[in-house]
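The values are calculated or read from the model by the stated rules, or taken from the named source; none is laboratory data. Because the structure is a prediction, the values reported are computed rather than measured. All Cβ positions, even for glycine, are placed from backbone atoms using ideal geometry, and neighbour counts span all protein chains on display. Just the protein is used for accessible areas: all its heavy atoms, side chains included, with ligands, DNA and RNA removed. Shrake-Rupley method; radii C 1.70, N 1.55, O 1.52, S 1.80 Å.
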Amino acid sequence: MSLTTPLIDADSLSRLTPHDVLIVDCRFDLADPAKGEREYLDGHIPGAVYASLDRDLSDLSRQAEGLGRHPLPLESALAQSLSRWGWQPGMRVVSYDAAGGALAAARLWWLLRLIGEKHVAVLDGGYAAWQAAGLPIEKGAAKARPASKVSLRFDDRLMLLDHAALPEVAHGALLDARAAPRYRGEVEPLDRVGGHVPGALNRPFGENLGSEGCFKPATQLRDEFLAVLGSTAPSSVVHMCGSGVTACHNLLAMEHAGLHGSRLYPPSWSGWVSDPARPVAKG
């Protein structure tokens, strides 16, 4: 089974054997960073390994560099995590979490796309969809796969890291995934100041999911994104959020909708406001 589409349902995943695919449990709670791993050990999809947003999908030691609250891991660090999980180039990967892909299954999906991997998908509906289907679970850590030597490079064309270049793309092409009150600057529970990058548009990532916690149909998502973006080409769109995590959910949703080629601004709002001289818009 090919994983060339960004989503896979629980039934389709259940028909893949552990030999066919690497399954990665990405459950995480910002308020309790250890909770996701505790829940993983208490029960997870058989064969799944665990990825921590803080340890594996980010490098918190780089926060002082103005790269936001969840800076990207270095290429060498991501390679070590993938090697530890027994991943090899070309291997199919499915990630899941308990938030419909938003924390942080979509982040891993994007990181793998960043190194050129195409056969990677997010479990639609996450762990809840697997449980709702009555599919088996296992407890404890998964049996380790043989580690392999991994060498990788990030494709810089898929992201924008230059703070100074952001205003050039902001108007009509910068899409902020945070909830509307944070975008407008009415509340800010995490970062130095509230508001948004001048010219940025708002598409809260939570609007990508339907009432059952699964992604909306591709045609509906396409119409909704185009209603926000207007005539802006998908390949011109740059995504951001608070720290470069939930923005990946919008990027995944656009790919699911057939709106291909958008990029990520990984530092996002927390990186932007790390310099008080940068402009902030409200409302």
³J(HN,Hα), Karplus 6.51/-1.76/1.60, whole Hz, each residue of region 242-250, x for Gly, Pro:
x, 9, x, 9, 5, 4, 5, 5, 5
Only four residue types carry charge here, +1 at the Cβ of Lys and Arg and -1 at the Cβ of Asp and Glu. Report the dipole size of region 1-128 about the Cα centre in Debye, rounded to the nearest 20.
260 debye
What list of ³J(HN,Hα) couplings, whole Hz, do you get for region 59-70 from phi and the Karplus terms 6.51, -1.76, 1.60, once you set θ to phi - 60° and write x for glycine and proline?
10, 5, 5, 9, 4, 5, 7, x, 9, x, 6, 10
How far apart, in nm, are the 7 Å Cα→Cβ label points at GLU75 and ASP156?
1.0 nm
Over all alpha-carbon pairs of the chain, lay out the pair-distance distribution in 10 Å bins, whole %, shortest bin first.
7, 31, 37, 21, 5, 0
In nm, what is the difference between 0.36 nm times the number of residues separating SER12 and GLN88 and their Cα-Cα distance?
25.2 nm
Mark the label point 7 Å from the Cα of ARG192 along Cα→Cβ and return the residues of region 133-164 whose backbone N is within less than 15 Å of it.
163-164
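Within region 172-248, which trypsin sites (Lys or Arg not before Pro) sit in a loop by DSSP and count at most 16 neighbouring Cβ atoms inside 10 Å? Provide the component values of the computation, followed by the final result.
On the way: sites: ARG178, ARG182, ARG184, ARG192, ARG222; in loops: ARG178, ARG192.
Sites meeting the loop and neighbour criteria: ARG192.
Once the piece of chain linking ALA164 and GLU224 is laid out straight, how much longer is it, given 0.36 nm per residue of separation minus the C-alpha distance between them?
Numbers: separation 60, 0.36 × 60 = 21.60 nm, distance 2.95 nm.
Between ALA164 and GLU224, full extension yields 18.6 nm more.
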Taking the Cα centroid of region 25-61 and of region 204-283, what is the distance between the two, rounded to the nearest whole Å?
23 Å
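Could you quote the convex hull projected area for region 95-156, Cα atoms only and averaged over all directions, in nm²?
Details: hull surface 22.4 nm².
Its average projected convex-hull area is 5.6 nm².
Of ASP54, ASP11, which has the most accessible area and how do the rest follow, probe 1.4 Å?
Listed by decreasing accessible area, they come as ASP11, ASP54.
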Set the Förster radius R0 to 22 Å, insert the Cβ-Cβ distance between HIS19 and LYS139 as r into 1/(1 + (r/R0)^6), and round the FRET efficiency to 0.05.
0.55
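Once you have the alpha carbon radius of gyration of region 50-158, what is it after dividing by 2.2 N^0.38 Å, with N set to its residue count? Numbers along the way, then the final one.
Values: Rg = 14.6 Å, N = 109, 2.2 N^0.38 = 13.1 Å.
Cα Rg divided by the expected 2.2 N^0.38 Å: 1.11.
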Please report the relative contact order for region 25-75, taking Cα pairs under 8 Å with a sequence separation of at least 6, and give it as a percent rounded to a whole number.
29 percent
Take ASP54 and ARG184, extend 7 Å from each Cα along the Cα→Cβ direction, and tell me the distance between the two endpoints in nm.
3.3 nm
What stretch of the chain, leaving out the sites themselves, is the longest with no GluC sites (Glu not before Pro) in a DSSP loop having at most 15 other Cβ atoms within 10 Å?
1-185
Cut-off 12 Å between beta-carbons: net charge of the residues surrounding LEU161, Lys and Arg +1, Asp and Glu -1
0
Using 0.36 nm per residue of separation minus the Cα-Cα distance, give me the extension gain between GLN131 and ARG62 in nm, one decimal.
21.2 nm
